[in-house]
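Every number here is computed from the coordinates shown, using simple stated rules; none is lab data. Because the structure is predicted, anything quoted here is derived from the model rather than measured. Quick reminder, even Gly has a Cβ in these numbers, built from the backbone with ideal geometry, and neighbours come from all protein chains shown.
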Amino acid sequence: MAAVISFYVTDPNSPTGLYPPNRFNVYDFEFYTPEGSDQNLRVLEYLEPSDSAASNTSYNEFRNLTSFLRLPDLRTLVLDTAQRRFIGCSAGFKDLVQSFANATYAQVSLDLFLNSCSEGEGTYQNNPYLQFSIDKNSSSSVHIQAESKEWAYTDDAPSFSLLRSTNQTGTAPDGSTESPIWLRSALTKRNHPTILKVCSNAIDVSVETLGPLGVVMGALNRFSVFISRPRIFSTV
């Protein structure tokens with residue numbers, strides 16, 4: 001079953017005191033396991049904007065105001081939950097698979113993408129903390145770690161604050177000892193356990209963002225399956 005990760009930006013021109021503020025959907029990524037592939041494989045793939053979004057006047061006005069927004073270089077993130085490893089690619093998933101000579105989805109593994117993708121890669125671990133080690137290129141490494149040991153639950157949605165630093169000692173990029181929050185979960189939408197709001201101070205469509213979100217989406221899917229099960233209540 002596919003899910004969608006949507007990136008929204010708050011309109012800086014929203015009237016003061018307006019809640020919730022105006023916001024605009026700028027990027028969408030589909031999260032899925034390719035049919036017929038290894039069940040440990042997960043894919044996050046960029047979805048091209050629909051015609052309705054392209055014709056939305058307010059959306060286009062906002063895009064004109066925010067010239068820093070552009071199509072993401074990273075179009076596909078491939079995640080292997082058994083290896084606890086992921087890699088970012090600049091091409092779509094189907095195009096990548098077709099580039100592998102005579103490869104079928106059943107034969108596709110993360111290892112095949114290592115020589116074809118250059119948008120960064122990373123690994124993660126769950127114990128004792130959820131922690132990511134990410135290489136954006138040969139000279140830039142980033143470490144991201146959850147503030148607390150507990151973040152994924154059987155009977156509740158994922159809850160976490162992920163801190164970002166450029167080394168394993170927890171020093172922030174500006175040299176301070178407190179790492180800035182990179183991603184923080186907020187809450188699920190009422191009566192929609194598959195929708196989790198995650199906040200960030202940066203618009204960053206890279207392995208630093210999509211890698212952790214791919215791992216979190218797996219935990220959210222497990223919770224949504226649990227909460228959707230039929231319940232039998234006794235009045236005795």
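In a shell of Cβ-Cβ distance under 15 Å around ALA82, excluding ALA82 itself, what net charge do Lys and Arg (+1) and Asp and Glu (-1) give?
0
Using 0.36 nm times the number of residues separating ALA91 and VAL9, minus their current alpha carbon distance, what extension gain do you get? Could you put the intermediate results ahead of the total?
Working: separation 82, 0.36 × 82 = 29.52 nm, distance 2.44 nm.
Full extension of this stretch gives 27.1 nm more.
Could you name the lysines whose alpha carbon sits less than 20 Å from that of LYS189, not counting residues in the same chain fewer than 8 places away?
Straight-line reach from LYS189, under 20 Å: LYS197.
If the chain between ASN191 and VAL225 were fully stretched, how many nm would it gain, using 0.36 nm times the residue separation less the Cα-Cα distance? Can you show the working numbers first?
Working: separation 34, 0.36 × 34 = 12.24 nm, distance 1.34 nm.
Between ASN191 and VAL225, full extension yields an extra 10.9 nm.
In nm, to one decimal, how far is the SER140 label point from the ALA202 one, both placed 7 Å along Cα→Cβ?
0.8
Using a 7 Å offset from the Cα along the Cα-to-Cβ direction at both LEU112 and ASN127, what is the distance between the two label points in nm, to one decimal?
3.2
Using a Förster radius of 22 Å, what is the FRET efficiency between ALA103 and ASP73 based on their Cβ-Cβ separation? Nearest 0.05, please.
Numbers: r = 24 Å, r/R0 = 1.10.
My answer for the efficiency is 0.35.
Under a Cβ-Cβ cut-off of 12 Å, what is the net charge of the residues other than VAL142 that fall near it, where Lys and Arg count +1 and Asp and Glu count -1? The partial results should precede the final answer.
Working: positive: LYS136, ARG164; negative: GLU121, ASP135, ASP204, GLU208.
Combined, the nearby Lys, Arg, Asp and Glu give -2.
Quick one: length gained pulling TYR153 to ARG23 fully straight, 0.36 nm per residue minus the C-alpha distance? If you can, show how the numbers build up before the last one.
Working: separation 130, 0.36 × 130 = 46.80 nm, distance 2.97 nm.
So the extension gain works out to 43.8 nm.
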